[in-house]
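One structure below.
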Amino acid sequence: MTESDILQKLAAAAAKKQPGVKPIKGISRVKVKDVQPPEITLTFLPGTGLFMAVLTRITITGKSFIGANMEITVVANMTAKNKLSQDDLGCPKFSVGDCQISLVSVKTNLPSSMLPEIVNKFLVTTLQKVLPDMLCPAVDAVLTLVNQKFTTLVSPSSVGDAGSIRYALLSPPVTREDFIELDLNTMVLHEGGDLIDLPTDPPALTSLPPKMDSATQLALSVNFLSAELTLLQTSLNLDVTETTLSESLPPSQPMVIEIRITQRPVLTMQQDKGLVHLFGTAEFLTSQPDAARESLFVLNIHINLGTQFSLQEEKLRISLALDRSDIR
């Protein structure tokens, strides 16, 4: 929301004259002074997408009929059902549906003797008409920004100098009660753009490992791993064949990777940038529904995260991006 200046655009749009809204008797020069960052709550809607509740605080200023400055602070709650689907490029796509606005509270600096007539008139004739036209388009703006981020999904991801991998949704996303499931179609390409063929009918995934709380799970097929290792064959100087890979990890046996940080993170600073060093292990385990997990091997990992520092609204913000990773 900071990146797209949504709050500033909302305030500017709301300050303009709204068609069909009559002037309020006794109040002039009405405009939006401030829109506070909203409190957003998201919950999953099984089979649909996301339910969004947005609590917004808006301060409106104007002149009362006695010439005094007036401020009215409005708290409004907006709810919307956002459908998660698939676009023509194979990207996830959010769209808005059933946007509703309800007033929670109104506070003003006007004398109490003026409250009944002016504030009630304001609520009935103005706020109920202005707020939906002002706030519901904000959901569209937020989701448009999110959908733009999704477009990077179909952009090729470089695998060093060996080639690239491109992803697209194989089928529309499926929303469950506590997670969203995405089935991806992957294309692995050599450096020159030649596609590494994958079987047209990959073996179906019989089951997913039990989902852990607050965790994102990624299931990779043997066919995809075969194609990626083929892409890296020259770099790794390995003879990758379907037989050897299938012997180590049959298609019917899913694998789980558990990553743990084993040491305190280390921050190193230079004049123009910083690095966060993470040291840990990556353990590869087999996972079957009715059997205990069996450890295959453990790798030591060292991950470097580049840091960027910025000041925003008198707060120090730090953004992290992968700089490099070492596995041994």
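Go through (1) out of contact with any Asp or Glu (no Cβ under 9 Å at 6 or more places or on another chain); (2) over 16 Å from D87 (Cα atoms); (3) assigned to a strand (DSSP E or B) one by one and return the number of the condition I165 breaks.
Here I165 clears every test but (1).
Among the listed residues T286, T281, T307, identify the single one that is open to solvent by less than 40 Å² (accessible area, probe 1.4 Å), over 19 Å from I261 (Cβ atoms) and free of Cβ contacts under 8 Å to residues at least 60 places away in the same chain.
T286
Taking only pairs six or more apart or across chains, which ones have beta-carbon atoms under 8 Å, a first residue in segment 129-154 that is in contact (Cβ under 8 Å) with a residue 60 or more places away in the chain and farther than 21 Å from N185 by Cβ, and a second residue that is among the aromatic types (F, W, Y) and outside any helix (DSSP H, G or I)?
L143/F94
Specify the residue that is least open to solvent (accessible area, probe 1.4 Å); the eligible residues are those in segment 289-304 that are part of a strand (DSSP E or B) and touching a residue at least 40 places away in the same chain (Cβ under 8 Å).
I301
The values are calculated or read from the model by the stated rules, or taken from the named source; none is laboratory data. From a predicted model like this one, the values you see are computed outputs, not experimental measurements. Counting neighbours? That spans all protein chains shown, and the Cβs are built from the backbone with ideal geometry, glycine included. When the accessible area is computed, the model is the full protein with side chains, heavy atoms only, and any ligands, DNA or RNA have been set aside. Shrake-Rupley method; radii C 1.70, N 1.55, O 1.52, S 1.80 Å.
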